[in-house]
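Here's the structure we're looking at; comments come further down.
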Amino acid sequence: MAVITIVGAGMMGSAMSCPARDNQHEVRLVGTPLDHEIIDCAAKDGFHITMNRQLPAGIQYYQVKDLEQALAGADLVINGVSSFGVEWFAETVLPVLPPVPVLAVTKGLINNPDGSLLTYPHYFKARRPDRSFNAIGGPCTSYELADRHQTMVYFCGEDISELQWIKSLLATAYYHITPSTDVLGVEGCVAMKNAFAVAVSIAIGLAEKLEGENAYMYNPQAALFGQSLREMARVVRLLGGNADLAAGIPGAGDLFVTIFGGRTRKLGYLLGKGYRYSEAREELKGITLESVVIITRVANALRILARAEKVDLRDFALLLHLDDIINNNAPAAIPWEELQ
């Protein structure tokens with residue numbers, strides 16, 4: 001039995017307690033400064049008020065003030081924060097991190113001034129080169145993981161033997177794990193799926209706008225799904241990862257599940273219905289949108305690289321249209337003739 005400390009009591013971080021506890025590990029769930037109510041309620045009866053699910057029995061709950069106590073003696077740390085908590089994790093958790101591997105659920109990329117893009121494991125490694133950082137990618141929603149639905153994911157990191165060990169801790173009859181040392185490929189796919197899920201969801205909103213509820217306009221969705229994978233593969237290739245992953249579990253698989261629900265679908269749906277981004281943002285007030293961040297960051301990086309003649313912006317027509325929608329409040333009007 002191992003001791004697994006999960007930092008971040010949001011939906012996905014908390015859902016990771018399910019395979020961990022099902023494998024009889026000691027699990028400590030630590031809330032961030034935003035998770036006080038979640039931890040208070042779960043400590044009483046094990047119910048997660050955001051995910052609306054009962055968490056496994058036996059979890060030990062900690063408020064953020066007890067972070068160091070929760071980390072003491074851990075064999076594995078799971079970073080359960082979203083991309084909006086990355087800096088908090090770097091500033092608060094990294095300095096007190098014990099010498100054990102870290103596995104992150106966080107998805108996203110950071111854009112540098114020179115147009116290069118940095119994965120979160122590499123970002124954390126730059127801050128703590130003496131620690132090992134790994135990440136999860138693939139089609140896995142928190143509530144389905146908590147419900148023990150059959151799920152396939154990738155665990156990526158630099159050390160394959162370490163990944164195999166982490167897999168041995170968390171793999172179950174329903175949670176299937178493929179270890180991979182292609183951090184750039186896996187992380188590039190799972191970051192970009194958030195961006196392109198907006199594009200496919202625009203077609204869903206457009207169908208309802210034009211033909212009413214229960215519209216069956218699947219051709220546009222399929223076309224945008226295919227274009228999304230093409231542009232995703234180009235981004236992954238640019239990062240230096242295996243572009244073939246765009247057609248697999250971390251790319252197509254994760255994109256598929258994302259367009260069926262959640263915040264990203266809601267944003268794309270509203271844009272397809274005719275909302276400008278400013279209006280959709282007001283409608284979704286209080287909801288964090290990781291898709292907006294990744295669209296903006298990667299589009300900015302591509303423009304810098306284009307000025308240096310390292311990329312051709314025509315290869316990213318769909319992504320740049322999404323950026324125009326988000327950052328210039330342009331209407332959603334898919335540039336079909338420019339897609340390639």
Exception for A146 within (1) touching a Ser or Thr at 6+ places or on another chain (Cβ under 6 Å); (2) more than 26 Å from A90 (Cβ to Cβ) falls at (1)
Selection from the stretch 1-31 of residues of a type outside the set (A, V, I, L, M), under 18 Å from the mean Cα position of the chain (by Cα) and not in a helix (DSSP H, G or I) yields G8, G10
Only one of (1) in contact with a Pro (Cβ under 8 Å, 6 or more places away or on another chain); (2) closer than 26 Å to T50 by Cβ does not apply to I334, and that is (2)
Name the single residue that is surrounded by the most Cβ atoms within 10 Å (Cβ to Cβ) among those in the stretch 173-190 being among the β-branched types (V, I, T) and in contact with a Lys or Arg (Cβ under 8 Å, 6 or more places away or on another chain). V190
Please go through the stretch 128-142 and pick out each residue that is in contact with a helix residue (DSSP H, G or I) (Cβ under 7 Å, 6 or more places away or on another chain) and over 15 Å from V183 (Cβ atoms). R128, P139, T141, S142
Please determine, by comparing only the residues of the stretch 251-266 that are closer than 20 Å to M11 by Cβ and in contact with a helix residue (DSSP H, G or I) (Cβ under 6 Å, 6 or more places away or on another chain), which one is surrounded by the fewest Cβ atoms within 10 Å (Cβ to Cβ). R265
Considering only residues that are out of contact with any Leu (no Cβ under 6 Å at 6 or more places or on another chain) and either within 26 Å of L289 (Cα to Cα) or at pLDDT below 95 (or both), which ones fall in the stretch 326-338? I326, N327, N328, N329, A330, P331, A333, I334, P335, W336
Going residue by residue through the stretch 90-106, is there one that turns out to be at pLDDT below 95, within 20 Å of the chain's Cα centre (by Cα) and not assigned by TED's automatic domain parsing to the domain that holds N219? yes
Would you mind finding the one in I166, I110, I204 that is farther than 21 Å from I249 by Cα, buried (at least 16 other Cβ atoms within 10 Å of the Cβ) and more than 17 Å from the chain's Cα centre (by Cα)? I204
Kindly evaluate R297 against the criterion of being closer than 30 Å to L145 by Cβ, of a type in the set (K, R) and at pLDDT 95 or above. yes
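The values are calculated or read from the model by the stated rules, or taken from the named source; none is laboratory data. Everything numeric in this text was worked out from a predicted model, so none of it was measured. So basically every Cβ, Gly included, is an ideal-geometry build from the backbone, and we count neighbours across all protein chains shown.
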